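The values are calculated or read from the model by the stated rules, or taken from the named source; none is laboratory data. A quick note: this is a predicted structure, and the numbers were derived from the prediction, not measured. Quick reminder, even Gly has a Cβ in these numbers, built from the backbone with ideal geometry, and neighbours come from all protein chains shown.
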Amino acid sequence: MSPHIVLASSSAGRRELLSRLQIPFSAVSPDVDETAYDNEPPPALAERLARAKAEAVAAEYPQSIVIGSDQVADVDGTAVGKPGSLDAARQQLRAQSGRLVLFHTSVAVAAPDLSESRVALETVKTTFRPLTDAQIEAYIQAEDPTQTAGTLKSEGLGITLLAAVESSDPSTLIGLPLIQLTDLLSERGISLPS
């Protein structure tokens, strides 16, 4: 019998990405404080939060394989989180206009046979186009990006804000690195495709 898989996320984008692997799973929203520690580097923040989400839900589902993930945008070594409001989204996009922005996406797998969850990190380099205020306004009015790291919904209209993307896994920028996840699931005996 295959183990029960739980995605520790309330993100519709992550649910859609995980469904691409054609494995049955349920989704549970984790209760995790996403506040960065003082001087915490963006990659470390993404890894810590992915692990915290997986382990929080694993405490509720101890016999399941639990997948947690988190994404942190990084401008010159400073973590850029979810803007939370349209005004903050405008400010983030102005600050990212014409700039290199890294998106660190971490995935963690917690399982009954592990004393500590396994974590993988994938980083995507993006170059934002120079953006006018009119372009920024059109984007945030067309697509609410207030709950996405760095105000970028690359799976939608957000892709038009970018001049270039460098990644070894195209699913990473959307929020769940499926290549890394496939490796982590394989370690737990889940071979894909199945």
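Which is of a type in the set (S, T, N, Q), under 14 Å from the mean Cα position of the chain (by Cα) and at positive phi, of T105, T151?
One residue alone meets the criteria, T151.
Restricting to the range 1-57, name every residue that is of a type in the set (S, T, N, Q) and either under 13 Å from the mean Cα position of the chain (by Cα) or part of a loop (DSSP other than H, G, I, E, B) (or both).
Step one: of the range 1-57, the residues of a type in the set (S, T, N, Q) are 2, 9-11, 19, 22, 26, 29, 35, 39.
Passing the criteria: S2, S9, S10, S11, Q22, S29, T35, N39.
Collect the residues in the range 17-35 that are out of contact with any Lys or Arg (no Cβ under 9 Å at 6 or more places or on another chain) and in contact (Cβ under 8 Å) with a residue 40 or more places away in the chain, keeping them in residue-number order.
L17, L18, R20, L21, Q22, I23
Specify which of the listed residues (S85, S64) is farther than 25 Å from E143 by Cβ, at pLDDT 95 or above and polar (S, T, N, Q). Walk me through how you get there before you give the answer.
Details: S85 fails: farther than 25 Å from E143 by Cβ.
None of the other options fit; the residue is S64.
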